[in-house]
Amino acid sequence: MAEPLERALGRRLRGARKVAVVGVGDELQASDRLGILAARDVEGLRLPGVKVFLAGTTPESFTAPIRRYRPERILLLDAADMGERPGSVAVVAPGRVAGARLSTHALPLTVVIEYLEETTGAAVILVGIQPDLAAEGSLPTSAEKAGLTRLMGILQRLLHDRV
């Protein structure tokens, strides 16, 4: 059984004074927009010690600015088809990244994660948000909104009280 989301994220973020939040995905594509939407929501929280990077479909292009920020943790937010109900949110284990991707990225996300860990010394945490694969509109579905709202509540608590 998977560890509950808040506990899993809390354990991984504990003690980090500087956190980079990286939104990944294509906001114009219904199945791939949730990472960017989540990162924008985090940005709106204006949390101390948190810098948001809206990386879109080319997270590899943001590795230099992320390295310059010198984070202790890097939180990647991305839509991921995990075979769960729409709006489900989970920490995606490194071994599951390839199978969980709705890849629109030039480089595989695993390569970006490994590079960031190597060059920053920061732990990278990938949070997958299950899109509604039947959605076609320009706005998130109610299930996707519920998942984003749940994630924002958790991140607000954890990132505000992490030290």
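Considering E72, E43, E60, the condition of being without any contact (Cβ under 8 Å) to a residue 24 or more places away in the chain and closer than 25 Å to T119 by Cα is satisfied by E43 alone. Yes or no: T149 over 17 Å from the mean Cα position of the chain (by Cα), surrounded by fewer than 18 Cβ atoms within 10 Å (Cβ to Cβ), in a helix (DSSP H, G or I) and modelled with pLDDT of 95 or more? Criteria not met by T149. Scan R101, R73 and give me the residue that is among the charged types (D, E, K, R), within 25 Å of R7 (Cα to Cα) and modelled with pLDDT under 95. The conditions single out R101.
For the structure I just gave you, tell me whether I66 is modelled with pLDDT under 95, within 19 Å of V21 (Cα to Cα), assigned to a helix (DSSP H, G or I) and in contact with a strand residue (DSSP E or B) (Cβ under 6 Å, 6 or more places away or on another chain). So I66 fails the test.
The number of residues in region 1-27 being under 15 Å from G153 (Cα atoms) and free of Cβ contacts under 8 Å to residues at least 24 places away in the same chain comes to 2. Whether a residue is of a type in the set (A, V, I, L, M), out of contact with any Leu (no Cβ under 6 Å at 6 or more places or on another chain), assigned to a strand (DSSP E or B) and under 23 Å from L107 (Cβ atoms) was assessed, and V52 passes this test.
The values are calculated or read from the model by the stated rules, or taken from the named source; none is laboratory data. The shown structure was predicted, so the numbers you read here are calculated from the model rather than taken from an experiment. Note that we place each Cβ from the backbone using ideal geometry, even for glycine, and neighbour counts take in every protein chain shown.
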